[in-house]
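Visitor: This is the structure, below, for whatever I ask next.
The values are calculated or read from the model by the stated rules, or taken from the named source; none is laboratory data. Computed from a prediction, not measured in an experiment: that's the story for all the values here. In this analysis, Cβ positions are derived from the backbone assuming ideal geometry, glycine residues included, and neighbour counts consider all displayed protein chains.
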Ligand code: ADP
């Protein structure tokens, strides 16, 4: 059975084609810099052949088309016909109260997903575009929505309820839904294997640091708190999102900068974060390049990032009455040794000590790496996330349940 997993993010579209008997990935690819210029990198993992080329991707529709062309390509493709694919699993960041488990795509499910645009304005439209793009090419292939927010459903009410008028929050379904749940679920389970303990006996802080970032406290395999909130705007500084700020700043900026209510969300989502502080870019690689050229605001953006990560690790150690491991994952977590080192620097009092050499030598991904120093009571891991595998498994389960 072949399952195609599509992960349409805010600036990227990742895909993997799985053969499910062996849970083997046959081909994978990444469409990146969507909305900027556009580039596809595709690998046929059967032959190891890979290509990379620039393709204009003003929206996710063009990225979807590029993915399909690559999978069918005579030289680099792995299938002859799209009908070889049994099902498509779509990663969905926010299901709200409407979609809380892996769900078959139907007209009704699409309507429910459209309701989620208000909760995840950056992510839901790309999901809908990814689904529409696949539907146009493969109208008879079943599709499944795999929801990130479902892993956070275990957060206790006192941690998921915002201290506002309870009638207002109940009426409008306002609560901490979290984000990146599939990634947090995967790395926490992998981490437990590396700790050589049943996941039920572990206390893990998982740091998913990408273009969008979230940090979770996972106790006994269940999320007890997470940095993302009602929308993927909460928590730490992100590429172009502000993260948590004093709520009073919002009406103040609206008044002083003359920003109307229908534009303030855009401002917080697209003009803040690393981009807003550095004035350079939402991409941390560009921020590093600017720091190297002596840009002080770029350095400030970096310092905010590592400080905010540190604060969440400390807070979640308190929330769980201890911590066995800290895990870094996603674009920044897997690749940026400076972020890993500086965010966990000077935390020996909590038993956290990173080995500078091991941290620098994290080159051999996708293997998980232990970067903790000898004698560090808390283990520190870099674990490449594998949301796609979790999505493929959930998609297969839904498909099997239809039989
Ligand atoms: P998303 O899926 O949320 O769009 P990613 O997980 O791909 O985002 O992460 C994007 C971020 O990861 C960017 O800030 C980028 O700078 C950073 N990143 C990706 N690759 C590298 C790398 N090799 N070194 C440093 N940072 C990287």
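Visitor: For residue 325, which of the numbered conditions (1) surrounded by 15 or more Cβ atoms within 10 Å (Cβ to Cβ); (2) away from the ligand (no atom under 13 Å from the Cβ); (3) over 23 Å from residue 203 (Cβ atoms) fails to hold?
Guide: For residue 325, the failing item is (3).
Visitor: Of everything in region 280-299, what is within 16 Å of the ligand (Cβ to nearest atom) and in contact (Cβ under 8 Å) with a residue 12 or more places away in the chain? Give them in sequence order.
Guide: Those that are within 16 Å of the ligand (Cβ to nearest atom) and in contact (Cβ under 8 Å) with a residue 12 or more places away in the chain: 280, 282, 283, 284, 287, 288, 290, 295, 298.
Visitor: Tell me, please, whether a residue that is in contact with a strand residue (DSSP E or B) (Cβ under 9 Å, 6 or more places away or on another chain) and within 26 Å of residue 352 (Cβ to Cβ) can be found in region 159-174.
Guide: For region 159-174, residues in contact with a strand residue (DSSP E or B) (Cβ under 9 Å, 6 or more places away or on another chain) and within 26 Å of residue 352 (Cβ to Cβ): present.
Visitor: Just to check your reading of the model, which residue among 269, 211 is out of contact with any helix residue (DSSP H, G or I) (no Cβ under 7 Å at 6 or more places or on another chain), within 16 Å of the ligand (Cβ to nearest atom) and at pLDDT below 95? Quick ask: steps written out before the conclusion?
Guide: Values: 211 fails: out of contact with any helix residue (DSSP H, G or I) (no Cβ under 7 Å at 6 or more places or on another chain).
Among 269, 211, only 269 is out of contact with any helix residue (DSSP H, G or I) (no Cβ under 7 Å at 6 or more places or on another chain), within 16 Å of the ligand (Cβ to nearest atom) and at pLDDT below 95.
Visitor: Please determine whether any residue of region 160-180 is modelled with pLDDT of 95 or more, over 29 Å from residue 115 (Cα atoms) and either within 16 Å of the ligand (Cβ to nearest atom) or surrounded by fewer than 20 Cβ atoms within 10 Å (Cβ to Cβ) (or both).
Guide: Among the residues of region 160-180, not one is modelled with pLDDT of 95 or more, over 29 Å from residue 115 (Cα atoms) and either within 16 Å of the ligand (Cβ to nearest atom) or surrounded by fewer than 20 Cβ atoms within 10 Å (Cβ to Cβ) (or both), which makes the answer no.
Visitor: Out of curiosity, is residue 313 touching a helix residue (DSSP H, G or I) at 6+ places or on another chain (Cβ under 7 Å) and either within 16 Å of the ligand (Cβ to nearest atom) or assigned to a helix (DSSP H, G or I) (or both)?
Guide: No.
Visitor: Among (1) surrounded by fewer than 18 Cβ atoms within 10 Å (Cβ to Cβ); (2) outside any loop (DSSP other than H, G, I, E, B); (3) away from the ligand (no atom under 16 Å from the Cβ); (4) in contact (Cβ under 8 Å) with a residue 40 or more places away in the chain, where does residue 338 come up short?
Guide: Exception for residue 338: condition (3).
Visitor: Quick one: is residue 134 within 21 Å of the chain's Cα centre (by Cα) and in contact (Cβ under 8 Å) with a residue 12 or more places away in the chain?
Guide: Spelling it out, it is not the case that residue 134 is within 21 Å of the chain's Cα centre (by Cα) and in contact (Cβ under 8 Å) with a residue 12 or more places away in the chain.
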